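Heads up: the structure comes next, in structure tokens.
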Amino acid sequence: MVDSTVGRIFKIIRDRGPLSGSDIVRWSGLAKSTVSVNVDRLLSAGLVREESRPDSKRKKLKVAENAGHVVGVDIGQTHLAVGLCDLEALVLDSVRIPIALVQEGPEDVLEKVCGLIDDLARRAGVERKDLFGIGVGVPGPVDFARGMPVNPPVMPGWDHFPVTDFLRERFSCPVFLDNDVNVMALGERDRGVAQNAESFLFVKVGMGIGAGLVVHGEIFRGAKGAAGDIGHIGIDHDTTPCPCGNQGCLEVVAGGSALQSRAAKAAASGRSPFLAAQQASGVDLGAPTLALGAAAGDPFVVELVMESGKILGHVLAKLVNFFNPSVIVVGGRFAHLGERYIASIREAVYRRSTPLATSDLVIKRTQLGDEGAVVGAAVLVLDEILSHRNVGKIVERSSDGTSS
Ligand SMILES: [Zn+2]
């Protein structure tokens, strides 16, 4: 049987490190001697290292971030990004290329993924066999256990395509697949604005809207992996038709596509002089343009931004009452519409949620930028390969090696 104590201690170091031995005793509730024996095992397996700090005599323990590499892959509708990361999900090197996800199909896109991974590994002098694992995020629902997309609306050719099998055959390392929103939530947990938040909500406002739920530090996927699909929560009294067959779904009212089409109409009708001028000069009416318009004080754009923030906030208020997160992180391209947008979300959430649920609630915009999904995909694989059980196995294997 694999010893889970060593895995538990490793997780404490990974989540909260750098830590001293007595910090670990405090966090784990284990005896000092037990901690000491297991820390020695982690040190000799090379999974943790001592960090000497100029301000402290005692050495602190942290993950040996250079003990191996993992790869984070972010497959989007129009881009493909791949990052080579250390064992703390720090991106060491990355590459981003344009793709057309719908037209290209899974084999072609995954061939590109393989090529980019090899390029990055070669640049870093890392061999294929030294990759600890690969994490992949895709813009659609995923059967996590089987490692395949299931009925993904924006990537029809990928339905039930065995993504993880495909990459595992090439690289002979563990591969994990999840939807982009869950992956981005993991990125926020380890390297973003939700660090140290036990339970939080990540909301992605892209062309559609989705959410990732982190409960006690882990992604909550639900019975079938559909948890967090908040884009189709109905907005009261709204009759906008949604491709799903219902009316007034959140994402057809407040998602990026909806905002862009309303912006295009306001540009065409002249209702927004700012948008009309932008369109006349050939500028795309996407999130950056809307952010500029809001900052410039164009009345239509300001109203559009604040109204969509308010609608999203009303839905989030219901989720806050239900789930009571400590943090809500707003990410995705349309999260960057300016402070008025976040302020409107906040106001609606506070107005509609119970005082107890909002007493310490923090609502923030992501700071991870374009790299968020790559970082999160690396965290996805790290969570799996450095789980309690696996760390126990790695340590056992390494001590077998030294004793025989
Ligand atoms: Zn819908």
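The values are calculated or read from the model by the stated rules, or taken from the named source; none is laboratory data. Quick caveat: nothing in here was measured; it's all calculated off a predicted structure. No Cβ is skipped: glycine too gets one built from the backbone with ideal geometry, and neighbour counts run over all protein chains shown.
Residues in segment 229-261 that are out of contact with any helix residue (DSSP H, G or I) (no Cβ under 6 Å at 6 or more places or on another chain) and either assigned to a loop (DSSP other than H, G, I, E, B) or aromatic (F, W, Y) (or both): D229, D236, H237, T239, P243, G245, N246, G248, G255.
Residues of segment 113-132 that are within 22 Å of the chain's Cα centre (by Cα) and either modelled with pLDDT of 95 or more or hydroxyl-bearing (S, T, Y) (or both): V113, C114, L116, I117, L120. Considering L250, L285, L259, the condition of being within 16 Å of the ligand (Cβ to nearest atom), within 29 Å of the chain's Cα centre (by Cα) and crowded, with 20+ Cβ neighbours inside 10 Å is satisfied by L250 alone. Out of curiosity, is A267 within 16 Å of the ligand (Cβ to nearest atom), at pLDDT 95 or above and either surrounded by 13 or more Cβ atoms within 10 Å (Cβ to Cβ) or more than 27 Å from H314 (Cβ to Cβ) (or both)? It is false that A267 is within 16 Å of the ligand (Cβ to nearest atom), at pLDDT 95 or above and either surrounded by 13 or more Cβ atoms within 10 Å (Cβ to Cβ) or more than 27 Å from H314 (Cβ to Cβ) (or both).
Being surrounded by 19 or more Cβ atoms within 10 Å (Cβ to Cβ) and out of contact with any helix residue (DSSP H, G or I) (no Cβ under 8 Å at 6 or more places or on another chain) is a property that V205 lacks. Contact annotation: residue pairs with Cβ atoms under 8 Å, 6 or more positions apart or on different chains, pairing a residue in segment 130-155 that is of a type in the set (F, W, Y) with a partner that is in a loop (DSSP other than H, G, I, E, B), are F132/G68; F132/L87; F132/C173; F132/P174; F144/R221; F144/G225.
The helices (runs of 4 or more DSSP H) found entirely in segment 317-390 that carry 2 or more residues being modelled with pLDDT of 95 or more are 339-352, 372-385.
Applying the condition of being more than 10 Å from the ligand (Cβ to nearest atom) and charged (D, E, K, R) to segment 220-247 and asking which residue is farthest from P153 (Cα to Cα) yields D236.
Would you call K318 of a type in the set (K, R) and touching a residue at least 60 places away in the same chain (Cβ under 8 Å)? So K318 passes the test.
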